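What follows draws every value from the coordinates through simple rules; no lab data is involved. What you see is a predicted model; the values in this text were computed from it and never measured. Methodologically, a virtual Cβ is constructed for each residue, glycine included, from the backbone with ideal geometry; neighbour enumeration extends over all protein chains shown.
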Amino acid sequence: MSTVRVVTVLLLLTACGPAPAAVTPAAEAITTARAPALSSGAPPRDVFAPNGPLEREALPATLAFPLKTIQLGAAAAAVDPVPQACSAYLSRKAVVTTCDHRAEALEALEAALAERQPASRDAALKGVERCASLPPGLVRALRAEAAPVACGDALTQTLVARPPAGIDGAVYDTLAGIAIGARLWRAVKTPPKAKRPYDKKHLKKYFSNAMMPWARAQATAIQQLATQGAQLRYYGRAIVALEAGMADLRFIDVVRTVPIPDTYRGDAGLTNAYYGSLEAALDPRKQRGRDATLVGLGQLASIGVIRDPRVDRARRALSRMYGGRAIDALDRLMLPPLSPSTATNSEQRLAARLPTFYAGLLFAGQAAKDPAFLRQLLEKGIAPQHRIALATADLPLSVRKLYGRARFELAQTYWRKVDIDEMLRLFGKIPVAQRDSDDKLFLALGLALQDGPSNAADMMVSAPLSELGIGNTAALDNIGSSQDTHAAMAAFDSALIAQLAAPATAPASYWRDVAKRYRKAAERLRDPLQRQDALKLAEDADQTAMHIKKRGQ
């Protein structure tokens, strides 16, 4: 079996089926206006002064969506069936709940979400579904969010087919998105396995009779589900985009595990040619998966989601597939600890438990002006309803600091320039005499990232990081060389950002400087694990410098 023959088969395998619905990483629910190009000139005297004009987030006037129903239909045969374990969510008896008034309903919802055991939590949530003071369909969506992803359509499809009276369009689209997302999650999960011997005769039969029909069916199912999801809006659309992208990325992993003929294994030339051609064949689907995932992340960024299992799964998938463009590269930055969460009432506790989309629906935007309430929101994210209120308010210092941190954490997750600029505006308005160590470190981090990519798509698809503007570490270096409480953190963060911003043609001296920065940080870090991490990164930078020197650069 020749190399050409095997690769031709796999080209057909990876290209079969219609292309998924067109998506672009730039498609976001809330748009931002790019700041004018910065003019060149002498650097500002104050190392903590922003570099040029700051971008503002363009927030919508309303987040109300009219109801638009879709025909969900039955899942395609290519999609794995709903797991048997999901039947418990349909037959479970509801806990009787008293919720005649909104306050009682919110208290019951918080108590239900606080249940640690999945079965107890679902039974309690099922009881809360009858609370008439809560938006129709919202608690069913929360039940599906708390259940295994694969059970999503089993829990929501009845409401998608027959929406309850008064349901908001955004809630309906969320129910539909959860259903479609569950089917995408169950796609590309059980490929046919090849059996030995891996010779020409048996592999040809495996490709023709098993793998190619399965691949065609999976590609068609992903395309159909993505097309359904393209009808949705806001959070529901984000869910489908993420799951469609991750289904395509799973497809890549499956094809990479297809066995090659045993005769190839002893021939390095044939093996390298095979895998090189395979990766070239996989690129179009890999890019579709990346772009759909980035669309979903862009939508979630606009919703204000900071912490969510879907975001974690999507970022891991992208980082695994695109190691050189690690979307999670900023996760290693050292930040001041967040003040402890000390909720004093059920509404505050509920704010900390609710996924961001639902918090935006249940709590008025003005609630975010209360620092105790805002602190609870930071556990998950800051919805547009709350950002609208915070954008128009003369914020007290405690709220300004919390909101500034939230903006930085959004930027850390999604690489959005607008979040960096909003954070710089918030901390920059704190009088110099009132800035504490936390304020200065966040300002310095923002300045180091200020002229970076517009968003994650820009970071992963456009120019290399070294050409996207990050790397102004002057403020971080100022803190790192001082006796400030966060000097060690600043020194480490400066080294990390210098590493990320390294030009492709950086000489050995650049990498020796990065190593020196990490060692400077290690000398001041008190935590043994953090010190060990800094020293390891210093060694890596030294190794890079040695390799460059050997190449004669």
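Just a few scattered comments:
- Summarising the label geometry, the points placed 7 Å from Cα in the beta-carbon direction at ASN209 and THR190 lie 2.0 nm from one another.
- Footprinting exposure proxy for VAL514, VAL160, VAL254 (fewest neighbouring C-beta atoms within 10 Å first): VAL254, VAL160, VAL514
- Theoretical FRET efficiency, 1/(1+(r/R0)^6), r = Cβ-Cβ of HIS101 and ASN272, R0 51 Å, to 0.05: 0.15
- Spin-label model distance (nm) - GLN543 vs ALA74, 7 Å beyond Cα toward Cβ: 5.5
- Computed Rg/Rh of the chain, alpha carbon atoms with Kirkwood Rh: 1.00
- Note on the range 485-519 and the range 85-115: Cα centroid distance 51 Å, given to the nearest whole angstrom.
- Simple label model, 7 Å out from Cα along Cβ direction - LEU529 to ASN51, nm: 3.3
- Look at the Cα gyration tensor of the range 375-466: its axes a ≥ b ≥ c give a/c of at least 1.5 with a/b at or below b/c, and that counts as oblate.
- Measuring between alpha carbons in the structure, the pairs from LYS401/LYS440; LYS201/LYS286; LYS380/LYS429; LYS401/LYS429 lying more than 21 angstrom apart are LYS201/LYS286; LYS380/LYS429.
- For the range 421-514, the square roots of the Cα gyration tensor eigenvalues, ordered a ≥ b ≥ c, give a/c of at least 1.5 with a/b no greater than b/c, which places it in the oblate category.
- Averaging the Cα positions of each part gives two centres, and for the range 163-198 and the range 532-546 these lie 43 Å apart.
- Ranked THR227, THR156, criterion: other C-beta atoms within 10 Å, fewest first: THR227, THR156
- Computed from point charges on the beta carbon alone (+1 for Lys and Arg, -1 for Asp and Glu), the dipole magnitude for the chain about its Cα centre is near 1660 Debye.
- Among 283-293, 344-354, sorting by the average number of other beta carbon atoms lying within 10 angstrom of each residue, highest first, gives 283-293, 344-354.
- Euclidean distance of C-alpha centroids, the range 216-244 and the range 375-395, integer Å: 30
- Each eigenvalue of the Cα gyration tensor of the range 326-401, multiplied by 5 and square-rooted, gives one semi-axis; in descending order these are 21, 15, 14 Å.
- Whichever lysines have a C-alpha closer than 21 Å to that of LYS204, once near sequence neighbours (fewer than 8 apart) are set aside: LYS193, LYS195
- Extension gain for ARG316-LYS201 works out to 37.6 nm (0.36 nm per residue, less the C-alpha to C-alpha distance).
- As a proxy for reagent exposure, LYS195, LYS201, LYS369 were ordered by neighbouring Cβ count within 10 angstrom, fewest first; the result is LYS201, LYS195, LYS369.
- Partner lysines for LYS68 [C-alpha distance under 23 Å; skip if fewer than 8 residues away on the same chain]: none
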